[in-house]
Amino acid sequence: MAHITKGRFEDSELLQPTPAEQRRIVAELEKQFTRLEAGVAALRRVQANLKRYRAAVLKAACEGRLVPTEAELFKVAAASRRGPAGKQSRDGSATFETGAELLARILTERRQNWQGRGKYKEPAATPDTTTLPQLPKGWTWASVEQISTKVVDGVHKKPRYVPSGIPFVTVRNLTAGPGISFDKLNYITPEDHEEFIKRANPEPGDILVSKDGTLGVIRVIKTDVKFSIFVSVAMVKPVVREMSNFLGIALSAPQVQAQMIPKGSGLQHIHLEDLREDCIPLAPLAEQARIVAEVERRLSVVEELEAVVSANLQRATRLRRSILQKAFLGGLT
C-alpha cells in the first residue's frame, strides 16, 4: 500500500505567499466555501425530502389511499351490475375477491404446493393485529409465513470463493442500488451452488430481505441470473407469484418495516421466526396491480431526482478540491 514517508513529507516544498496574499486567499476561500456549503446543505435537504416522500408513497399505498380501492370501484360498478374484475354473481350483481378470500385461496394453494416436501407445516395463525393500522374495506392482514411457501436465509458458512462461477449475494449487493447489484461480488463453484440452493433457491419473483448489517432492505428478484445467498440475506418465496411486486412494496412500507425489530447484543439481526410473523396488508389482487403501477410511476420520478442530487453532490466534492488547488497555485485571487 502506497504511503508518504516522514522524510518525503518533510522534504516537500510548500509555496509561501506574502501575509497580505494569504489573508486575501483565506477570505476568498471562506466566501466560496460558504456558498458551496449552502448549496450542499440545500441538496441534503432535497435528499431528505425525497426519502420522506418515498416513505409517504409506500405508506399511502398500504393504507389504500394511493388509488381507488376495489371496494370503492365495486360500489360504482354494482350500480350498473358489472364487476370491475369481470366477475358476476348469480343474480347479476357485481362481485370481487376480497383480501380475506384471496388469503384463503393462497392458503389452499400453499397446502397443495407442499407435496413432496414431507408433512405439511401449517403456518402460524395471524398474530395479534390490534396495534396495527385499520385497513380499507376488502383488505386483510396476513403474516409473511401465510403467503409464502418458504421463508429461509442463505448458507450459514462462508464458502470457498473462486475467480469466476456462480454469483454469491450478500447484504452489500442489496444496498448498492435500487435492485440487486452484480457489480462487486464473490463467486462460488457450481457444485457449491447446487448444495446451497437445497436450502435457499432464489428465483424470479422471490423477495430478498437483508437481515444483518443494513436491516430491512427489500429486493424483488427480477433477473434470470443464477445466484446463491449468504446467511445475512433472507428469502421469501410467495405462493402467488403475480403478487411479488406488491409484496415488495408492502414489505418496504413503514407499517411493515416498523415490525422488523432487530434482536441481539452487539451486531443485531432480524430473526427468521420474527420475519415469518410480520404482518402485511393484503389487498384484492386487481387492486394490487393498480397500486404497483402507481407506486412505480411515482418512485421512478423520485429515483430520477435522487440521481440528479447525487450527481450534484459529487460535483460539489470535485469543486471543493478544485478551489483548494487553485488557491495553492495562486489562481484564486
Arrange the peptides 117-125, 297-305 so that the one whose residues have, on average, the most other Cβ atoms within 10 Å appears first.
297-305, 117-125
Say each of A258 and A289 gets a label point 7 Å from the Cα, pointing the same way as Cα to Cβ; how far apart are those two points in nm?
3.2 nm
Students often check this: by mean Cβ neighbours within 10 Å, which of 105-115, 260-270, 136-146 ranks highest, and how do the rest follow?
136-146, 105-115, 260-270
The ratio Rg/Rh over the Cα atoms of segment 187-306, Rh being the Kirkwood inverse mean 1/r radius, stands at 0.99
Highest to lowest packing among 185-197, 208-220, scored as the average C-beta count within 10 Å
208-220, 185-197
Segment 175-241 - convex hull of alpha carbons, volume per residue in Å³:
98 Å³
Note to self: with every protein chain in place and a 1.4 Å probe, segment 93-202 gives an accessible area per residue in Å² of 56 Å²
Just to be sure I understand the model, the point goes 7 Å from the Cα along the line to the Cβ. What's the resulting D274 to L132 distance in nm?
1.7 nm
Using Cα atoms only, what is the angle between the long axis of helix 70-79 and the major principal axis of the chain, expressed in degrees (0 to 90) to the nearest 10?
50 degrees
Can you give me the orientation-averaged projected area of the convex hull built on the Cα atoms of the chain, in nm²?
25.9 nm²
Tell me what the chain gives for mean residue ellipticity at 222 nm when only DSSP H runs of n ≥ 4 count, each as -39,500 (n - 2.57), the sum divided by the residue total, rounded to 500 deg cm²/dmol.
-14500 deg cm²/dmol
Students often get this wrong, so check it: of K51/K157; K137/K226; K137/K263; K31/K51; K59/K222; K51/K211, which have C-alpha atoms separated by over 29 Å?
K51/K157; K137/K226; K137/K263; K31/K51
A27 to K75: extension gain in nm, 0.36 nm per residue of separation minus the Cα-Cα distance?
10.4 nm
What ratio of Cα Rg to 2.2 N^0.38 Å holds for segment 263-315?
1.82
Diffusion constant of segment 116-155 at 4 °C, which comes from Stokes-Einstein with the Kirkwood Cα-pair radius and 1.567 mPa s, µm²/s
102 µm²/s
For helix 19-61, report the angle its Cα long axis makes with the longest principal axis of the Cα atoms of the chain; keep it between 0 and 90° and round to the nearest 10°.
0 degrees
Taking N as the number of residues in segment 86-237, what is its Cα Rg relative to 2.2 N^0.38 Å?
1.28
If I fit a long axis through the Cα atoms of helix 99-112 and take the longest principal axis of the Cα atoms of the chain, what angle between them do I get, 0 to 90°, rounded to 10?
80 degrees
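The values are calculated or read from the model by the stated rules, or taken from the named source; none is laboratory data. None of the values given here were measured: they were computed from a predicted structure. So basically every Cβ, Gly included, is an ideal-geometry build from the backbone, and we count neighbours across all protein chains shown. Just so you know, the surface numbers come from the protein's heavy atoms only, side chains and all, with ligands and any DNA or RNA stripped out. Shrake-Rupley method; radii C 1.70, N 1.55, O 1.52, S 1.80 Å.
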